[in-house]
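S.K.: This structure is in structure tokens; I'll ask about it shortly.
Please treat every number below as a calculation from the coordinates, not as lab data. Predicted, not measured: the structure shown is a model, and the values here were computed from it.
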Amino acid sequence: MEITEIRITLRDDDKLRGFASITLDNCFVVRGLKIIEGASGMFVAMPNRRRKDGTFQDIAHPINMSTREWMENQIIAAYKQELQRAERGETPVMSSDTAGDSAGDSAFEENQ
């Protein structure tokens, strides 16, 4: 399996740093991944939905730690690259009141 495209939408929130969409093997897209600044560093939260009891359940997620780390490393690398573009004024950073929870303003293509 290969991540063939990563799209990042930057956010200017306290903990939510951005949204990501990934394409796997040029044939399957996962949207709604959240890039979060946590107490011990950055991590990627999988797309989820709220249950009736108020808890959250992941809609799609890796089933082992090595896949999660592999995916997270690529998404965070793409986020950092997009952040550099924003610092140079090449891409916008959305605030919570001006952006929805979509990803797709910019793409990062894997060249493998």
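S.K.: Based on Cα positions only, what radius of gyration and what Dmax would you give for the range 3-101, in angstroms?
M.R.: Expressed in Å, the Cα Rg and Dmax of the range 3-101 come to 13.8, 44.
S.K.: Expressed in nm², what is the orientationally averaged projection area of the convex hull enclosing the Cα positions of the range 5-56?
M.R.: For the range 5-56, averaging the hull's shadow over all directions gives 4.7 nm².
S.K.: How much length is gained if the chain between Glu5 and Glu69 is pulled fully straight, taking 0.36 nm per residue apart and subtracting their Cα-Cα distance, in nm to one decimal?
M.R.: Extra length from Glu5 to Glu69 when fully extended: 21.3 nm.
S.K.: Output ³J(HN,Hα) for the range 25-41: one whole-Hz value per residue in order, computed from phi by the Karplus curve 6.51 cos²θ - 1.76 cosθ + 1.60 with θ = phi - 60°, and x for Gly and Pro.
M.R.: Residue by residue, the range 25-41 yields 6, 6, 9, 9, 10, 10, 10, x, 6, 10, 9, 10, 9, x, 4, 10, x Hz.
S.K.: Check Met94: other-chain or 5+ apart residues with amide H under 5 Å from its amide H, H built from backbone geometry?
M.R.: Leu10, Arg11, Asp12
S.K.: I would also like to ask the following. Applying the Karplus parametrisation 6.51 cos²θ - 1.76 cosθ + 1.60 with θ = phi - 60° to the phi angles of the range 48-61, what ³J(HN,Hα) value in whole Hz is obtained for each residue in order, glycine and proline being reported as x?
M.R.: With the stated coefficients, the range 48-61 comes to 8, 9, 8, 7, 4, 7, x, 7, 10, 10, 5, 7, 9, 6 Hz.
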